[in-house]
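Take a look at the structure below.
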Amino acid sequence: MNRSKLLLILVIAAIVAVFIGLDGHKLLTLENLQSHQAALAQWIDRHLLVAVIGYGLIYVVVTALSLPGATIMTLAGGAFLGNLYGLITVSIASTLGASLAFLVARFLLRDTLRERYKDTIAKIDRGIEKDGAFYLATLRLVPVFPFFLINLAMGLTGMKLRTYALVSWIAMLPGTFVYVNAGTQLGQIQSTGDIVSADLLLSFALLGLFPLIAKFVVGFIRRRRVYAGWQKPEHFDYNLLVIGGGSAGLVSAYIAAAVKAKVALIEKHKMGGDCLNTGCVPSKALIRSAKAADTLRHANRYGLESVPVKGSFRNIMNRVKDVIAKVEPHDSPERYRKLGVDCISGEASFVSPWELEVRHNDGRTERLTARSIIVATGGKPAMPPIPGLEDMQPLTSENLWELQDQPERLLVLGGGPIGCELAHAFARLGSKVTQVERGERLLSKEDVDVASVVMKQFEADGIDVRLKHSATEFRIEEGEKVAYCDHEGERVRISFDQVLVAVGRAANTSGLDLERIGVDTLPNGTVPVEEDMSLRYPNVFACGDVAGPYQFTHAAAHQAWYAAVNGLFGQFKRFRVDYRVMPWVTFTSPEVARVGLSEAEAKEKGIAYEVTRYGLDDLDRAIAESEDYGFIKVLTPPGKDKILGAVVVGTHAGEILAEFTLAMKHGLGLNKILGTIHPYPTWNESAKYAAGEWKRAHAPEGILRLLEKLHGWRRGKKDQSRQEKRKEVTTG
Ligand SMILES: Cc1cc2nc3c(=O)[nH]c(=O)nc-3n(C[C@H](O)[C@H](O)[C@H](O)COP(=O)(O)OP(=O)(O)OC[C@H]3O[C@@H](n4cnc5c(N)ncnc54)[C@H](O)[C@@H]3O)c2cc1C
């Protein structure tokens with residue numbers, strides 16, 4: 001603790017000690033005030049200025065230090081200064097005292113709490129910034145909330161002092177008036193409880209509702225204001241218009257149709273979006289072929305003869321196309337039409353917050369209106385502005401699937417999930433892969449120990465991983481494609497046949513005419529969404545990759561639910577998107593699957609945790625399949641059975657993770673996983689063994705020692721515990 005904080009605590013302690021020492025708490029009682037009323041009145045008549053200043057100062061100290069007696073002080077204000085001057089003096093002094101208490105709490109505790117509960121405090125601050133004044137006013141108006149607690153609690157938030165003082169002053173006036181007025185009738189008060197009758201309390205409670213009603217009205221006005229200048233259509237063609245037929249758009253339209261809303265889905269290219277056509281589905285199909293190649297290459301692990309991998313790359317890519325074709329009906333216009341969705345082939349752009357212009361793929365143009373509109377236009381691969389890169393005809397996750405011939409030497413730019421999945425697949429299919437990553441490790445969002453398992457496997461599979469390499473230039477030298485990288489100040493030359501760029505994804509907003517309705521994009525290109533997934537207009541929403549922050553199909557679908565439900569029923573209730581339990585999987589071999597906090601994140605957020613680890617080399621099923629590598633790591637708060645995060649690195653990690661995700665989502669701890677029967681021998685047994693590790697580390701040592709003694713005693717042994725005996729044997 002720094003010196004100024006210590007000094008302040010000492011000063012406060014000294015004042016409190018003096019207050020108690022002088023029996024301040026006994027002096028500030030109703031009886032005392034009543035019995036000295038006449039004498040005090042005489043003295044005050046003679047020394048009015050001194051009395052007012054002295055009274056104000058004592059009031060400030062009592063309220064600032066949350067000392068008992070503020071109510072009596074307020075009554076005294078009424079008794080000696082009358083209604084008007086009493087009200088003025090008390091309201092100023094109480095606001096000053098409350099502000100000082102607020103500042104003291106902030107000075108002493110806020111930094112410490114912010115360090116420890118960074119996320120929670122940030123969330124509270126966001127709420128306070130938005131609606132703090134309304135909440136404070138409610139707390140102040142309803143006299144059942146203790147005055148000093150409000151001061152201290154608000155000091156810990158990010159509320160501005162100015163707002164705090166002003167709102168407190170205004171909202172405390174009614175209560176102050178009641179007590180000051182009661183003070184003018186001091187002689188008739190039997191106890192302070194008489195001052196506020198049940199009826200008056202009820203009136204205050206109703207008054208307390210006023211800020212909340214005001215909040216609603218202000219929200220209503222604010223919402224109306226963004227529409228100023230727009231002419232709302234009298235009738236709408238649809239309840240909901242959805243732009244983009246990818247994961248987010250499909251789910252939005254599906255939900256709307258399921259609740260019998262009239263909905264149209266506008267897709268300019270292919271239904272299914274990235275996931276079906278260029279993302280999850282083709283990449284997983286390619287990865288499966290790569291895994292088959294790896295199994296053949298290492299068939300000797302299973303007692304068979306290893307064979308050099310021979311195959312036609314074209315056949316592999318044809319299989320990928322067959323897989324897409326097989327999944328396609330799930331996302332097809334036919335299926336969605338049957339569900340009740342109007343599927344429109346065309347490109348949409350905004351005309352107003354309720355109206356879109358649709359340029360049909362057959363050349364027609366029409367305008368469509370809807371009560372709500374959802375933007376689900378996804379993302380596209382980001383292309384870094386590296387000199388010469390465009391001339392290399394770079395591959396991306398978009399055009400890769402048209403490739404007919406396998407690159408002999410493939411350079412992969414990027415060590416994130418997409419770069420790693422594709423680099424590994426091509427390496428296992430026989431390309432000589434060099435992977436260049438600017439950062440210190442692959443999969444930078446994962447912990448070091450997690451990423452290093454993947455790195456080890458990449459090296460074993462012949463990938464030339466170049467970390468801390470930043471591509472700066474591309475050239476063709478003597479007919480050969482060459483990349484130059486900066487590596488710790490050195491210029492490194494890498495030759496290749498084809499380059500695959502996987503350095504991130506950019507949100508897709510081009511052609512939407514968002515600027516026409518005054519919606520700007522964020523610096524990272526995504527559109528700014530509120531917690532209910534709305535944009536600046538409460539009837540215009542965005543979900544999926546175009547909104548971020550996650551870029552997964554399941555995240556897009558999750559957000560789509562909020563966008564669709566809030567879009568259709570938001571007038572009655574708005575749901576806030578909940579990202580607390582968001583799992584994801586990187587489909588390298590071994591897979592990396594995570595939910596909740598990583599160790600690095602827990603450290604960064606200052607969250608106390610302990611780690612439980614279970615090595616998959618111990619799992620019978622993994623051993624039987626000669627895939628006994630990787631681990632499970634679970635983070636829990638010290639001594640508590642609550643899962644903060646889990647990561648699995650290994651074969652079937654994505655499947656194993658589902659158990660931890662379910663547990664986290666429903667607040668189940670490791671004891672519950674341990675107490676669940678898992679069939680033997682399955683990969684998922686590993687979740688139970690991880691829980692077992694946690695249990696072992698938290699065994700009640702004291703009880704076990706007692707039990708050991710009990711068992712010894714029951715065997716007829718008197719004083720020597722088995723443990724002690726074992727100790728003797730080993731040390732002896
Ligand atoms: C190689 C790769 C592998 C991936 N693997 C996985 C994985 O294993 N698991 C996972 O969860 N995620 C994975 N992803 C991410 C996943 O594909 C995306 O998160 C998901 O597709 C996002 O869905 P979306 O609906 O937001 O966008 P998209 O799927 O991109 O759909 C947007 C659609 O909007 C259309 N559109 C755009 N503008 C307009 C307009 N003006 N008018 C009409 N239509 C328009 C586009 O044509 C597109 O069809 C992968 C991505 C890639 C690239």
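A few points about this structure:
- Taking the listed residues Phe552, Phe575, Phe541, Phe587, the one that is open to solvent by 10 Å² or more (accessible area, probe 1.4 Å), within 15 Å of the ligand (Cβ to nearest atom) and within 22 Å of the chain's Cα centre (by Cα) is Phe552, with no other qualifying.
- Of the residues Lys291, Lys284, the single one that is within 37 Å of the chain's Cα centre (by Cα), surrounded by fewer than 18 Cβ atoms within 10 Å (Cβ to Cβ), closer than 30 Å to Cys420 by Cα and within 9 Å of the ligand (Cβ to nearest atom) is Lys284.
- Residues considered: His666, His652. Of these, the only one that is within 16 Å of the ligand (Cβ to nearest atom) and at pLDDT 95 or above is His652.
- Condition broken by Gly158, with the remaining ones in (1) part of a helix (DSSP H, G or I); (2) under 22 Å from the mean Cα position of the chain (by Cα) satisfied: (1)
- Between Asp391, Asp342, the distinction of being at pLDDT 95 or above and more than 16 Å from the ligand (Cβ to nearest atom) belongs to Asp391 only.
- Every pair of residues 6+ apart whose Cβ atoms lie under 7 Å, when the first sits in the stretch 573-591 and is over 30 Å from Ala427 (Cα atoms) while the second is away from the ligand (no atom under 11 Å from the Cβ) and among the aromatic types (Phe, Trp, Tyr): Phe575/Tyr562; Val577/Tyr562
- Single condition Ala261 does not satisfy, out of (1) of a type in the set (Gly, Ala, Ser); (2) under 26 Å from Pro590 (Cα atoms); (3) touching a strand residue (DSSP E or B) at 6+ places or on another chain (Cβ under 6 Å): (2)
- Residue within the stretch 664-687 that is in a helix (DSSP H, G or I), of a type in the set (Ser, Thr, Tyr), within 18 Å of Arg621 (Cα to Cα) and more than 26 Å from the chain's Cα centre (by Cα) present: yes
Table: residues versus (1) surrounded by fewer than 17 Cβ atoms within 10 Å (Cβ to Cβ); (2) under 30 Å from Ala425 (Cβ atoms); (3) more than 16 Å from the ligand (Cβ to nearest atom).
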| site | (1), (2), (3) |
| --- | --- |
| Arg222 | yes, no, yes |
| Glu234 | yes, no, yes |
| Tyr238 | no, no, no |
| His269 | yes, yes, no |
| Asp274 | no, yes, no |
| Asn300 | yes, yes, yes |
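- The number of residues in the stretch 249-258 that are more than 13 Å from Ile373 (Cα to Cα), aliphatic (A, V, I, L, M) and either surrounded by fewer than 15 Cβ atoms within 10 Å (Cβ to Cβ) or within 16 Å of the ligand (Cβ to nearest atom) (or both) comes to 4.
- The lone exception for Ala205 - which of (1) under 24 Å from Phe80 (Cβ atoms); (2) outside any loop (DSSP other than H, G, I, E, B); (3) at pLDDT below 90 it fails: (1)
- Residue within the stretch 515-528 that is within 12 Å of the ligand (Cβ to nearest atom) and surrounded by 20 or more Cβ atoms within 10 Å (Cβ to Cβ) present: yes
- Members of the stretch 357-386 that are away from the ligand (no atom under 15 Å from the Cβ), open to solvent by less than 80 Å² (accessible area, probe 1.4 Å) and part of a loop (DSSP other than H, G, I, E, B): Gly363, Pro384, Ile386
- Filter result for Pro329 (open to solvent by 40 Å² or more (accessible area, probe 1.4 Å), in a loop (DSSP other than H, G, I, E, B) and at negative phi): no
The values are calculated or read from the model by the stated rules, or taken from the named source; none is laboratory data. This one's a predicted model, so the numbers in the text were calculated from it and none came from an experiment. Glycine gets a Cβ as well: all are built from the backbone with ideal geometry, and neighbour counts include every protein chain shown. Note: areas computed on protein heavy atoms with side chains; ligands, DNA, RNA excluded. Shrake-Rupley method; radii C 1.70, N 1.55, O 1.52, S 1.80 Å.
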